[in-house]
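Participant: Dropping the structure in here first, questions after.
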Amino acid sequence: MIVLKVREDYAELSDKFMTSVKSAEMNAETQNPKAYNRGKFVGNMLLYTATSPIFKGMATAIGVKSGLGLFFTNQLAQNVQDLVLDTRNVYNDLIADGELSDADKTVLKWNVGINGIMNGVFGLGDLYKLYKGAKVAKETGKEVIEELSKDGIVDGIEDIIKDAGEKIPDAGVDKYFDGIVDASGKANASKLRDIRLAVQKGNFTQEEIKDLSKRMSDLGLTDEFQEEMKKIKFGEYLRTIDGGPPKDMINPHAHHIIFKTGNGEAQQELVKEAQEILRSYGIDPILGKENIVWAPNAVKGQHSVDSLKKIVEGLRELDECGAEYDDIVKYLSQMGNIASSR
């Protein structure tokens, strides 16, 4: 019993610690993304440097000492290293929202493929030694490339890299509506996930997002669309449409002036009413830039029912008085400033 209790306590402490670390990491990424990304890059380079001897030792461990066997074993080792240190990080970022969509799987395939191609390119020197023999192995890198060019090898590799790096032509909003409704007449979940990821990464302008919302409404898919969009990492999204938070803001988060959902029945009723008002003015309550600001999180009054009630009452009054789009935007901006200054 004592051992079981110790295990349970350890598991609980471990979960709390990992949650705290993840929260601190997200906060650092939000407040100072440049420094965070530099640190992440340096950390990855140090990991590559520290683990390279281990992966390079794979050939020796299995008894391969020379020839094509050594070349291909080293290539395999480098690809395994990339899977462990690079692709794993990409996978963790993509799965952070709890799902791995078709678009995510495509990103992973490209990551693995391009890593493999680049490892092959960096291994050209070794391949050349095998190709021309030990004597020409002492030639300079320039001479190596010139020699390989004569045989058409470099051109072929350049074509592969060019093809791999080419961006898939973007068909804008239209491509996401191909098959958006499945055979049963419901929204295609995979398509909705793809739209969510594209929105989160800033692939659409605000006008395109309004077009998305309108077309979803025309198809009767507003509820499904809005529920999927609520899963977005809004800190990442807001950064793409409005830049990062003020440097002196404590614990910033992407704050919806009219909440996304609301906690409890009272808030949810207020949110439902206010969101309908926003939609009537062409403002998407979940994705519209007009309704999202950087604001401190977990501060008194930020997400209370009283604060929300005052905002909704003001919005309702404007609507009943025949307000126009600009009036609503101005009001939301004022409410956003209050939230940002709490």
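The values are calculated or read from the model by the stated rules, or taken from the named source; none is laboratory data. Worth saying up front: this structure is predicted, and the values here are computed from it rather than measured. With ideal geometry, Cβ positions are generated from the backbone for all residues, glycine too; neighbour counts draw on all protein chains shown.
Participant: Taking the criterion of being surrounded by 17 or more Cβ atoms within 10 Å (Cβ to Cβ), closer than 30 Å to ILE283 by Cα and either at pLDDT 55 or above or not charged (D, E, K, R) (or both), would at least one residue in region 163-173 satisfy it?
Facilitator: yes
Participant: Of the residues ALA323, ALA295, ALA339, which single one is part of a strand (DSSP E or B) and of a type outside the set (Ser, Thr, Tyr)?
Facilitator: Result: ALA295 is the single residue among ALA323, ALA295, ALA339 that is part of a strand (DSSP E or B) and of a type outside the set (Ser, Thr, Tyr).
Participant: Which ones in region 329-342 are aliphatic (A, V, I, L, M) and either modelled with pLDDT of 95 or more or in contact with a strand residue (DSSP E or B) (Cβ under 8 Å, 6 or more places away or on another chain) (or both)?
Facilitator: ALA339
Participant: OK, next. So in region 306-322, with the set limited to residues that are surrounded by 15 or more Cβ atoms within 10 Å (Cβ to Cβ) and in contact (Cβ under 8 Å) with a residue 40 or more places away in the chain, which one is farthest from the chain's Cα centre (by Cα)?
Facilitator: Only one residue fits best here, namely ASP319.
Participant: Show the residue pairs that are 6+ apart or on different chains and have beta-carbon atoms under 7 Å apart, the first residue being within region 325-337 and under 18 Å from ALA295 (Cα atoms) and in contact (Cβ under 8 Å) with a residue 12 or more places away in the chain, the second being among the polar types (S, T, N, Q) and outside any helix (DSSP H, G or I).
Facilitator: Within 7 Å, no pair qualifies.
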